[in-house]
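Read through the structure below, which is laid out as structure tokens, and then see the notes.
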Amino acid sequence: MLEAFNFRAILEYMPTYGQCFLATLWLSALSLFGAILVGIAACAMRLSHSRLLSGAAGVYIESIRSTPLLAQLYFFYFGLPTFGVMLPEWVTGVIALTLNSGAYYAEIIRAGIQAIHSGQIEAGIASGFSYLQRMRYIILPQALGMTIRPMLGQAIVLVKDSSLLSLISILELTRAGQLLTSERFMPAEGFLTTAVFYLIIYYMLKAFSGWSEKKLIFREAH
Amino acid sequence: MWGFYFNELIRSLPSFLEGLWMTVAVSGLSLLAGTVIGFICGIFRAGKNRILRTIIGAWVDLIRGTPFLVQVFIIFFILPSAGIELEAFSAAVIALSNLTASFICEIVASGIIAVPKGQSEAATAAGLSPFQQLWYIVLPQAMRSILPPLVGQYVLLVKDSSVVSAIGVVDITRVGWLTVQRIPEGLMVFGLVGLLYFAICYPLINLSGYLERRMTVVSTKL
Amino acid sequence: GTLDEISKRGEIRIACQTQGAPFSFVDRNGDRTGSSVELCNLIAKEMGVKVKYLNYDWDGLTPALLSKKADMLAADMTPTLKRAMRIAFTDPYMYVGSVVFVKQDSPIKTLEDIKAGTKMAVLLGSTGESDARKVFPDAKYKTYKGGGPLLINAVIAGHVEAAVNDGSSVRSQISNFPPNSVRILEGQLSRSPLAFAVRYDSPDLKNWLNLFFLHKKLDGSLDENLDYWVNSLDWKKDH
Amino acid sequence: MISFKNVNKWYGDLHVLKNIDLEVAEGEVVVVCGPSGSGKSTLIRCINRLEPIQEGELVVDSMAVHDKKINMTKVRADIGFVFQSFNLYPHMTALQNTIIAPVKVRKMNKDEAERLGREMLVRVGLEERIDHYPAQLSGGQQQRVAIARGLCMQPKIMLFDEPTSALDPEMINEVLDVMRGLAREGMTMMVVTHEMGFAREVASRVVFMDEGQIIEMAPPDDFFTNPQTDRGKFFLKSILTH
Amino acid sequence: MISFKNVNKWYGDLHVLKNIDLEVAEGEVVVVCGPSGSGKSTLIRCINRLEPIQEGELVVDSMAVHDKKINMTKVRADIGFVFQSFNLYPHMTALQNTIIAPVKVRKMNKDEAERLGREMLVRVGLEERIDHYPAQLSGGQQQRVAIARGLCMQPKIMLFDEPTSALDPEMINEVLDVMRGLAREGMTMMVVTHEMGFAREVASRVVFMDEGQIIEMAPPDDFFTNPQTDRGKFFLKSILTH
Ligand SMILES: Nc1ncnc2c1ncn2[C@@H]1O[C@H](COP(=O)(O)OP(=O)(O)OP(=O)(O)O)[C@@H](O)[C@H]1O
Ligand SMILES: Nc1ncnc2c1ncn2[C@@H]1O[C@H](COP(=O)(O)OP(=O)(O)OP(=O)(O)O)[C@@H](O)[C@H]1O
Ligand SMILES: [Mg+2]
Ligand SMILES: [Mg+2]
């Protein structure tokens, strides 16, 4: 299948790839941002003393984690209109990705928070900080700093999961490869090029996380 | 109308169970192979040999950075031009094992690195060989931080296995696609698909939560 | 040649897509059937070999053929000139036309009601897509993946105002939905051929297939197949 | 300033503070010592309700800490607390560590807080380390930042829980010197420590605890030369003779 | 028993051991002291090649440790090493901790190793803690298990790196007592410690290090009463006066 590998055709589709690459970038960025916010909120609920909040967050997190994104995506796309909620595709896609990754981020951040030395929390209490102030100024910055690696992992999963959005007619990177496949019947060219673009995003994320890890992580005071 | 489709769906239940079995078989085999390979690579990844570390690192990046579907296509469609003919089932197991191994490799490596250096130093000082250190001292302790994310990874494995339906493995997802052509109530069909995944994943997620709790109780404050 | 291999193997491997009635689908009893499938069964019978179906997504069809996993490709595929740059198509054995369908209560009554900016659903890379883009260049397109029923779902859910797909598929798939949920507009957008495909290094198989279609055309069994599956809903009783 | 009246505390079934009665007057320096697990840390942690008490009265600067309904933010703002393990915020510089609480809790204006923070860091001898992160400081320096952080709230009381026991021997003095200075300036202090030299020099009283009880309470000279109980004698012997 | 000849070691650019010359005879107890970062730990870690040296000769029990080709397993089996942070294996009981190396390295038969392990645990006063896990033991007890673990290899030399500095004051003595016992029985020992009482009592020599060099080396009475260098004087002052 590789004997006839056709670079010229790839070049011809480059504008499409570029456009789709940008779409994947900003859809993922938006969802990533949302997912981290949702993750923080869900995690705060999960760790709160209110049984109701913590229970609700638990149901959300576990049901998301144990069902495939595809099922969730269809639920939002074909399910919501039944209840009279009509959203543009990209909004549906971003919501599905956000809620999906949000559940994973909640778990990652929880692990980060629970790894924070209890002395840090006590120092905050002793200074007279309120619960929210401690979260905001002491716990979250450290938890986020410590969890850069798993956060990166989830970000990569999110970017790749965004390929499912092509199922609900959003043009993104995977879609570009499929165009080359179905119009020109050049699957090897299509998929390998797609893979290269994903790899570019991967290395961008990895570099960013390495950079922020250096900036954010300070070794525990000995 | 839902009632009618529901009866139809009940009639399809046998094929859903066959799909379930296929998902379990593909995931189960890949879980075993991926775990073994992942552990071996993870041990080297945390080890002293630079060349091995770099090679394994590059492999992990490549697998983590590209869409799984592309990996499946490469193994199934492109390897044959190198003379490696595979059945869809074995190609699926190989692709999935490879994916899982790359993730487990990272989990194992960071688990090993998290074991305090003093532990292997004490063992070195006592004259234990590098293998003995690993086997008797480091790995048993690393398991504490490895096990919970390991089981979490198994959940992802089960869900990722849905991708292999693209090369004709009739798993739960594929059965879902086939059924939705007859029973156009996508929400209901994929609800059932989600439910079946949930049935596999939920116990795993609970297991990982249980392990996490147990491991932190056992953990000592050294 | 490929024919020798097939007969030595005693088995012909056919890549297909189970995209839905009437061409290829899994029926109520869990059996694979449909117009293309029955034709393939006949092919195997005439060759005197067994048939093995390799079931892929649309994305997997060409790779399967090109990587020699499959000897031939049987799907409701239009032999476009671009596609024929890569694989060899048999002579067309039937013609289909794309139709437009809308929600039952839609204000769109005729093809003329479709204006610039009308939201249209099509299947990614399908003949329907290229037909629609030719006829309604100014409409707004949403391309879906995963088969015809999805388009109907999208129309019913209101994600789009109209959808374009091959007429026979639409007719047979609508029958699975609640009655009167969608309406097919008068008129076809195009008439396009359907054909099976092989690799360019299998001219023997291609010749044989063309001959096969000729024979079956002459003895009427091809038309019988098409009348049963494509031009009517007769198959609904049995499957 | 601090008054314990018949205070009792349990962890589950474990009775860790038993009928504690203790008055600390303004300007006093009280050193608390005793074997490990005797409840020293628990005692001073109750003062700003890092641990709640279950029985008795605990009044700090005429605010009733035992009262569940009281707003602790105000009480805590008046109490500086220094931990054995420093507990500096690792993601903030020395200066940021000192000013975060004044700005967020006391709502002090940022410039003023910075001026104050610098002043306190100078006071503990760290003018050159103002913009360093904790990981870039030695243990002794970190503990001095922690003291400066406590002082920045301009507290009426400073509490210390074994402030030098995580330090290398040569760094102990730099921290004790800062604490000596504070004592001399009249700060009310409670210090859990085993540094007997320090206790002799600055303590107004030494409190000796064992198994959750205050066993002895006396001026340091009396306690060190002539402990009244066998447990006190044994304890002194064990920490002085190696 | 141990002989350093002109030993040099670098960490990257950092010269941490500079021209070390030191002979330790059989049965000697050498105490190493000096400020933090002076290279004390590095010095004794080189002896069983936990750290490799780059220059010079280091011979232990007539085996050339500086020789890259030598099989260290045998050398290490003859040297017991006790760490500041104990480094017990947390997933094994006290007894399992003591017998793993004899069984796996010395290939001792399991029953015999257990007998030996019990004997050593009794010797350090832990007959009642044989089946406890490290987390269930106090710091002092953990360190004594670590010593028993070292002794189980029936070593010719015991090395200690600040064995008591992670301990609460009352636990220090129980560990030092065990070490005193070992010294009296004639074990060759090198001990990094700041416990001057211990040094005076049992050391045959005190080695004072600063910035990677041995600055002074003298019998303890001479060193403590009359250090020869200013740095020695200053160091003694700083650790004795708080
Ligand atoms: N959070 C807790 N939960 C249960 N028990 C606790 C807790 N904190 C302390 N304890 C127990 O309470 C008792 C008193 O502990 P405390 O920390 O006050 O002792 P201490 O005198 O400060 O000892 P040390 O010198 O070791 O710091 C000990 O037996 C301890 O095990
Ligand atoms: N693995 C390492 N890599 C780089 N530098 C190191 C390493 N270990 C120690 N050093 C440096 O080597 C010097 C000597 O360290 P060493 O641990 O021997 O000192 P020490 O006298 O034992 O100090 P302490 O009393 O703090 O234990 C120090 O400057 C230290 O920072
Ligand atoms: Mg304490
Ligand atoms: Mg050291």
ask   = Is it the case that some residue within segment C:191-204 is in a helix (DSSP H, G or I) and either within 15 Å of the chain's Cα centre (by Cα) or in contact (Cβ under 8 Å) with a residue 24 or more places away in the chain (or both)?
value = yes
query = Does A:Leu97 satisfy the criteria of being away from chain B (no Cβ under 14 Å) and either modelled with pLDDT under 95 or within 27 Å of B:Ala199 (Cα to Cα) (or both)?
reply = yes
message = Given the condition loosely packed, with under 14 Cβ neighbours inside 10 Å, within 29 Å of C:Thr143 (Cα to Cα), without any contact (Cβ under 8 Å) to a residue 60 or more places away in the chain and not acidic (Asp, Glu), answer yes or no: does some residue in segment A:52-72 qualify?
response = no
ask   = Going through segment D:47-65 one residue at a time, which ones are out of contact with any Phe, Trp or Tyr (no Cβ under 9 Å at 6 or more places or on another chain) and under 14 Å from D:Lys156 (Cβ atoms)?
value = D:Val60, D:Asp61, D:Ser62, D:Met63, D:Val65
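Condition check ((1) closer than 30 Å to D:Lys237 by Cα; (2) assigned to a strand (DSSP E or B); (3) within 16 Å of ligand 2 (Cβ to nearest atom)) across all residues:
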position: D:Phe4; (1), (2), (3): yes, yes, no
position: D:Val7; (1), (2), (3): yes, yes, no
position: D:Leu17; (1), (2), (3): yes, yes, no
position: D:Ser38; (1), (2), (3): yes, no, no
position: D:Glu57; (1), (2), (3): no, yes, no
position: D:Ser85; (1), (2), (3): yes, no, no
position: D:Leu88; (1), (2), (3): no, no, no
position: D:His91; (1), (2), (3): no, no, no
query = How many residues does segment E:15-47 hold that are among the polar types (S, T, N, Q) and away from ligand 4 (no atom under 13 Å from the Cβ)?
reply = 1
query = Taking B:Gly47 and the conditions (1) touching a helix residue (DSSP H, G or I) at 6+ places or on another chain (Cβ under 9 Å); (2) assigned to a helix (DSSP H, G or I); (3) of a type outside the set (Ser, Thr, Tyr), which numbered condition does it fall short on, given that it satisfies the others?
reply = (2)
Criterion (basic (Lys, Arg) and within 14 Å of chain E (Cβ to nearest Cβ)) met by exactly one of B:Arg174, B:Arg214, B:Arg182 = B:Arg214
request  = Test E:Pro102 against the stated conditions and say whether it is within 10 Å of another protein chain (Cβ to nearest Cβ), touching a Cys at 6+ places or on another chain (Cβ under 7 Å) and away from ligand 1 (no atom under 16 Å from the Cβ).
outcome  = yes
key: Some residue of segment E:62-76 being of a type outside the set (Val, Ile, Thr) and in contact (Cβ under 8 Å) with a residue 60 or more places away in the chain   = no
ask   = How about segment A:132-159: which of its residues are touching a residue at least 12 places away in the same chain (Cβ under 8 Å), surrounded by fewer than 23 Cβ atoms within 10 Å (Cβ to Cβ) and either farther than 21 Å from A:Met45 by Cβ or within 14 Å of chain C (Cβ to nearest Cβ) (or both)?
value = A:Gly145, A:Ile148, A:Arg149, A:Leu152, A:Ile156, A:Val157
request  = Could you pull out every one of the helices (runs of 4 or more DSSP H) wholly within segment A:1-100 that has 2 or more residues that are on the phi > 0 side of the Ramachandran plot?
outcome  = none
inquiry  = Exactly one condition in (1) away from chain C (no Cβ under 14 Å); (2) surrounded by fewer than 24 Cβ atoms within 10 Å (Cβ to Cβ); (3) touching a helix residue (DSSP H, G or I) at 6+ places or on another chain (Cβ under 7 Å) is false for A:Arg184; which is it?
reply    = (1)
note = Within segment E:187-223, residues in a helix (DSSP H, G or I) and crowded, with 17+ Cβ neighbours inside 10 Å come out as E:Met196, E:Phe198, E:Ala199, E:Val202, E:Pro220, E:Phe223
ask   = Could you give every pair whose Cβ atoms fall below 7 Å, whose first residue belongs to segment D:1-26 and is closer than 23 Å to D:Ala203 by Cβ, and whose second residue is within 16 Å of ligand 4 (Cβ to nearest atom) and acidic (Asp, Glu), counting only separations of at least 6 or pairs across chains?
value = none
inquiry  = Cβ-Cβ distance below 8 Å, separation of 6 or more or different chains: which pairs start in segment B:175-191 with a residue that is over 14 Å from C:Ile152 (Cα atoms) and end on one that is part of a helix (DSSP H, G or I) and at pLDDT below 75?
reply    = B:Met188/B:Trp2; B:Met188/B:Tyr5
ask   = Taking the condition touching a helix residue (DSSP H, G or I) at 6+ places or on another chain (Cβ under 9 Å), at the interface with chain B (Cβ under 9 Å from one of its Cβ atoms), outside any strand (DSSP E or B) and under 22 Å from C:Arg83 (Cβ atoms), does C:Gly60 pass?
value = yes
query = Hey, D:Gly27 hits all of (1) touching a strand residue (DSSP E or B) at 6+ places or on another chain (Cβ under 7 Å); (2) more than 30 Å from E:Asp168 (Cβ to Cβ); (3) in a helix (DSSP H, G or I); (4) not acidic (Asp, Glu) but one; which does it fall short on?
reply = (3)
query = In segment A:17-31, how many residues are touching a residue at least 24 places away in the same chain (Cβ under 8 Å) and either surrounded by fewer than 21 Cβ atoms within 10 Å (Cβ to Cβ) or in contact with a His (Cβ under 7 Å, 6 or more places away or on another chain) (or both)?
reply = 5
query = Looking at (1) in a helix (DSSP H, G or I); (2) at pLDDT below 95, which is the one condition that is false for B:Val36?
reply = (2)
ask   = Does B:Phe68 satisfy the criteria of being in contact with an Asp or Glu (Cβ under 7 Å, 6 or more places away or on another chain) and surrounded by 20 or more Cβ atoms within 10 Å (Cβ to Cβ)?
value = yes
task = Count, please, the residues in segment D:41-55 that happen to be over 18 Å from D:Glu23 (Cβ atoms) and either within 16 Å of ligand 2 (Cβ to nearest atom) or β-branched (Val, Ile, Thr) (or both).
result = 1
task = Take D:Arg76 and decide whether it is under 20 Å from the mean Cα position of the chain (by Cα), at the interface with another protein chain (Cβ under 8 Å from one of its Cβ atoms) and either assigned to a loop (DSSP other than H, G, I, E, B) or of a type outside the set (Ser, Thr, Tyr) (or both).
result = yes
remark   = Every listed condition ((1) in contact (Cβ under 8 Å) with a residue 60 or more places away in the chain; (2) crowded, with 18+ Cβ neighbours inside 10 Å) holds for D:Tyr133 save (1)
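Table: residues versus (1) within 14 Å of another protein chain (Cβ to nearest Cβ); (2) within 16 Å of the chain's Cα centre (by Cα); (3) within 13 Å of ligand 2 (Cβ to nearest atom).
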residue	(1), (2), (3)
E:Val175	yes, yes, no
E:Met189	no, yes, no
E:Ser204	no, yes, no
E:Gln213	no, no, yes
E:Met217	no, no, no
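Residue-by-condition table, conditions (1) more than 7 Å from chain E (Cβ to nearest Cβ); (2) of a type in the set (S, T, N, Q):
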site: B:Thr124; (1), (2): no, yes
site: B:Leu128; (1), (2): no, no
site: B:Gln132; (1), (2): no, yes
site: B:Leu150; (1), (2): yes, no
site: B:Lys159; (1), (2): yes, no
message = Looking at (1) within 16 Å of ligand 2 (Cβ to nearest atom); (2) within 14 Å of another protein chain (Cβ to nearest Cβ); (3) on the phi < 0 side of the Ramachandran plot, which one does E:Val65 not meet, given that it meets all the others?
response = (1)
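The values are calculated or read from the model by the stated rules, or taken from the named source; none is laboratory data. Keep in mind that what you see is a predicted model, and the values were worked out from it rather than measured. So basically every Cβ, Gly included, is an ideal-geometry build from the backbone, and we count neighbours across all protein chains shown.
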